[in-house]
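The values are calculated or read from the model by the stated rules, or taken from the named source; none is laboratory data. Owing to the predicted nature of the structure, the values given are computational and were not obtained by experimental measurement. Ideal geometry is used to build each Cβ from the backbone, glycine not excepted, and the neighbour counts take in all protein chains shown. Just so you know, the surface numbers come from the protein's heavy atoms only, side chains and all, with ligands and any DNA or RNA stripped out. Shrake-Rupley method; radii C 1.70, N 1.55, O 1.52, S 1.80 Å.
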Amino acid sequence: MDGFIQNMRQCFEQHRAISLTEPHLSELHALQAEAQQHFLQTQPYCLQSKKTTSSSIEHLLQRNYGLQLTPCTYDSLDSVFHCSIENRNTAMFVLLNGWYLYRHSALTIFPDGVVAGSLRAALKQFPEWVLPHLKETEYVLNNDMVTLNKALFYDGFFIYVPDNVIADSPLQMVNLVRTTNPLLIPNRDIVILGKNASLKMAHCHDTIQHGKTLIDDVTHIHLGDGASLHYYKIENKEHDSLLFDHVFVEQGAGSRLYSGTLTFNAGHAQNYLSTNLRGPHAEARLNGLYLVDKKQQIQNHVFVNHIAPDCKSHQLYKGIADEEATASFHGHILVNEHATRTEAYQSSKNITLTNTAHVTTQPFLEIYTDDVQCSHGATIGQLNDDALFYLRSRGICEYHARMLLMHAFTKEITDTIDIHSLRDAMTELVEKRLRGELQSCQNCILCCNDKKELPWQMDIKI
Amino acid sequence: MLLKIEDLHVSIKGKEILKGFNLNVDRGEVHAIMGPNGTGKSTLASVIAGKDIYDITRGSITYKDKNLFNLSVEERAREGIFIGFQYPVEIPGVSIANFMRAALNEIYRYKGIPELTAAQFLRLMEEKKKVVELTEKLSERSVNEGFSGGEKKRNEIFQMAMLDPELSILDETDSGLDIDALRIVANGVNQLKKASNATIVITHYQRLLDYIIPDKVHVLYDGKIVKSGDKTLAIELEEKGYEWIKKEYEQGKC
Ligand SMILES: Nc1ncnc2c1ncn2[C@@H]1O[C@H](COP(=O)(O)OP(=O)(O)O)[C@@H](O)[C@H]1O
Ligand SMILES: [Mg+2]
């Protein structure tokens with residue numbers, strides 16, 4: 001672990017080189033210097049908290065990560081990356097190795113007033129507006145990766161939807177990595193929806209060229225009163241990547257958050273999603289799906305904080321673990337004293353395909369008022385033998401029978417994706433993944449360039 | 001001979017259920033197997049389907065001149081065996097349409113017949129839905145999920161119609177059906193009858209046999225067929241009850 005701290009010390013020094021080029025960001029740099037101090041003074045908590053976990057990622061931390069000190073150019077992207085979800089109805093924004101790639105400008109302002117683009121540019125253009133949001137990251141969850149992000153980020157996505165604006169086309173934010181050297185990528189993203197604003201977006205973690213990476217992403221989301229956000233996170237990383245993804249949401253009265261966290265491949269991934277239901281009648285529907293095999297490890301941590309009365313939350317996380325993969329779900333529901341008439345539900349359903357795959361699920365309900373409806377449930381099991389037999393007794397071979405059952409299992413989550421092109425792409429990805437045809441590839445998973453005919457169509461649309 | 005079962009002995013968890021069962025079925029025939037609860041009727045159907053929880057201690061099953069025990073569960077289905085289960089399984093998330101598409105594709109591939117296009121498949125499905133008077137959109141309904149007992153049985157016959165088997169074994173397809181549903185199911189089975197296929201109807205009551213007229217009726221008791229006859233045997237059984245069989249069997253045994 002000392003090696004990692006030493007490595008981070010070097011990163012902090014490199015980071016100063018980036019800072020010096022932009023003296024107008026001095027207030028940010030002060031903030032970051034403080035976070036760097038904080039990081040060095042505390043023991044990396046998340047790295048030591050779970051013995052099994054920390055030992056299994058130790059080798060991933062001993063890699064001498066560097067930072068990408070200069071932005072990449074757009075030219076280099078077109079040749080390697082094409083995304084199938086992107087179509088004329090979807091606007092796509094890309095970060096390459098943590099830097100915003102701009103085609104026309106660093107910040108796009110749409111006719112309806114929606115602003116999307118680079119966080120760094122937004123900070124430059126509207127410092128008084130953006131800076132307060134950067135300060136708010138406290139040393140939360142005892143999670144040093146969040147502190148590390150605060151200490152090192154240099155760019156990220158910025159999205160703003162003004163009051164009463166319904167953004168009619170979905171936005172797609174893609175974090176791409178292309179490197180041959182071990183790289184630490186600390187992105188910071190901010191999504192702000194004004195009162196009664198509405199947005200659908202996908203946020204993808206992807207790779208176009210194999211490289212050993214440590215991604216440390218922090219996203220802050222603010223939902224104004226009555227706002228509605230669909231937020232889909234798609235993760236497809238290679239087997240030796242390390243991904244920490246943190247999403248912190250603040251929800252105003254009557255706001256709705258629909259999130260879907262889909263992990264297809266992960267070396268080692270830790271997803272943290274927390275939402276504060278601050279205004280009455282706010283609602284959060286948090287879904288997750290993971291498909292892991294080999295020695296992949298995935299952790300999903302969800303924290304739902306019921307602060308105001310009359311709020312609702314639903315968590316549904318499902319996953320399939322094959323071979324020697326490890327998956328865990330930690331769902332924490334906190335119902336505060338004043339959060340009367342709360343409805344909070346949590347469900348975690350898991351399938352293990354081998355007896356070497358490992359799944360744990362940990363519900364944690366903390367309730368300080370009587371007037372609540374809460375429930376939680378967790379299942380870990382195998383595919384249903386009776387169902388397998390029934391399918392086979394109609395002529396379907398065991399392999400396809402298993403596919404059908406796994407497909408059915410995942411469908412409950414993919415069906416909730418409310419962006420059509422994304423749902424279709426995800427359904428197809430799940431199928432490919434279940435067949436073992438989707439590797440963490442050098443191309444973007446979303447490319448799906450090779451539209452080769454599948455030998456057997458899993459889903460017919462009528 | 002389509003199916004020939006000889007001296008079949010089957011046990012489960014050390015308990016012998018079938019104790020020397022014999023049966024010959026030819027194409028074009030309808031057989032009824034009757035018998036009190038717990039005598040091994042469903043066990044027979046499951047053994048033919050290939051469920052692997054049983055110990056087959058003696059005897060043989062020959063189907064289309066092949067040793068049935070050499071075929072996997074799915075190969076038996078592809079060779080034309082269909083079981084209408086007494087308790088069909090619910091499979092949430094798998095639509096009936098997808099299920100049948102997958103099954104037909106695999107059966108056709110096995111037989112070397114070109115697979116149906118999506119349009120041909122849909123047409124076939126619409127045609128076969130009529131056999132059991134189904135009207136729902138099957139692409140949206142999960143297999144047996146939330147179905148009533150009657151709907152499940154109708155769905156079994158629908159599957160039978162889709163797969164066009166050579167040997168169908170219908171296990172208590174009449175139980176739990178009201179008179180209308182019974183008529184629909186029986187009518188469906190009759191429509192599917194051909195000179196080239198055979199059906200074994202397993203039933204507890206004679207009621208179904210008013211609609212599906214069997215060529216032969218067998219009474220299963222104590223793990224073997226104790227009496228065989230034509231359709232009048234079913235009527236006699238209905239009048240005298242299973243006690244009659246039991247008594248006769250016990251006497252014969254002594
Ligand atoms: N899985 C099982 N484990 C143990 N005993 C079983 C099992 N399935 C069936 N049996 C027993 O086998 C006997 C025959 O059952 P079954 O074939 O279902 O009869 P039927 O269909 O004629 O009513 C019964 O005594 C039943 O208890
Ligand atoms: Mg039975």
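For the range B:31-53, a drop of 40 Å² or more in accessible area on going from the chain alone to the assembled protein chains (1.4 Å probe) is found at B:Lys51.
With 40 Å² as the minimum drop in accessible area between chain alone and full protein complex (1.4 Å probe), the qualifying residues in the range A:396-441 are A:Ile396, A:Leu404, A:Ala408.
Per residue of the protein assembly as shown, what 222 nm ellipticity follows from adding -39500 (n - 2.57) for every DSSP H run with n ≥ 4, rounded to the nearest 500? Don't skip to the end; give the middle numbers.
Working: 19 runs with 214 residues, N = 716.
Rounded to the nearest 500, the figure is -9000 deg cm²/dmol.
Of the peptides B:134-144, A:177-187, A:370-380, the order by per-residue mean of other Cβ atoms within 10 Å, starting with the highest, comes out as A:177-187, B:134-144, A:370-380. Each part gets one Cα centre, and for the range A:314-392 versus the range B:124-164 those centres are 33 Å apart. The mean number of partner chain beta-carbon atoms within 10 angstrom of a residue's beta-carbon across peptide B:82-95 is 5.
Within a 10 angstrom radius of each residue's Cβ in B:101-111, how many Cβ atoms of other chains show up on average? Whole number is fine. Spell out each step's value before the answer.
Details: counts 5, 13, 9, 3, 6, 8, 3, 1, 4, 2, 0.
For this peptide, the per-residue mean of nearby foreign Cβ atoms is 5.
Secondary structure note: in the protein assembly as shown, about 20% of the DSSP beta bridges are antiparallel. What the Cα atoms of the range A:208-367 give is an Rg and a Dmax of 16.2, 50 Å. With a/c under 1.5 counting as rounded, go ahead and sort the range A:65-435 into rounded, prolate or oblate using the C-alpha gyration tensor (a ≥ b ≥ c being the square roots of the eigenvalues; past the cut-off, prolate if a/b is larger than b/c, else oblate). Since a/c reaches 1.5 but b/c is at least a/b, the shape of the range A:65-435 is classed as oblate. Ligands, DNA and RNA left out, the accessible area of chain B computed with a 1.4 Å probe is 48% carbon and sulfur. Listed by chain and number, the lysines placed with their C-alpha closer than 18 angstrom to that of B:Lys130 are B:Lys152, B:Lys153, B:Lys193, B:Lys194; residues fewer than eight positions away on the same chain are left out.
When each of the peptides A:273-285, A:5-17, A:151-163, A:116-128 is scored by the mean number of other C-beta atoms lying within 10 Å of its residues, the order from highest to lowest reads A:151-163, A:273-285, A:116-128, A:5-17.
Rounded to the nearest 5, the antiparallel percentage of DSSP beta bridges internal to chain B is 55%.
Of all the options B:Gly40, B:Gly229, B:Gly50, the one that moves most in a Gaussian network model of chain B with Cα springs shorter than 10 angstrom is B:Gly229. For the protein assembly as shown, the C-alpha radius of gyration divided by 2.2 N^0.38 Å, with N the number of residues, is 1.18. Excluding ligands, DNA and RNA, the accessible surface per residue across the range B:3-250 is 42 Å² with a 1.4 Å probe. If each Cα of the range B:3-250 is one equal point scatterer, what is log10 of I(q)/I(0) from the Debye formula at q = 0.12 Å⁻¹? Ignoring solvent entirely, the Cα scatterers give -0.70.
Semi-axes of the equivalent ellipsoid of the range A:321-374 are 33, 9, 6 Å, computed as sqrt(5λ) over the eigenvalues of the C-alpha gyration tensor in descending order.
Just the number, please: buried accessible area between B and A, total of both chains, 1.4 angstrom probe, nearest 100 square angstrom. Approximately 2600 Å², summed over both chains. A 1.4 Å probe run over the range A:65-435, with the rest of the protein chains in place, finds 34 Å² accessible per residue.
Quick check: at a probe of 1.4 Å, how many percent of the accessible area of the range A:65-435 sits on carbon and sulfur atoms? All intermediate terms of the calculation are to be shown ahead of the outcome.
On the way: 6140 of 12500 Å².
After summing per-atom areas, the C and S share lands at 49 percent.
Taking the DSSP beta bridges with both ends in the range A:65-435, the antiparallel portion is around 5 percent.
Over all residues in A:381-390, what is the mean tally of Cβ atoms on other chains that come within 10 Å of each residue's Cβ? Mind showing how you got there, number by number?
Details: counts 0, 0, 0, 4, 3, 7, 7, 3, 9, 13.
Counting Cβ atoms of other protein chains within 10 Å of each residue's Cβ and averaging gives 5.
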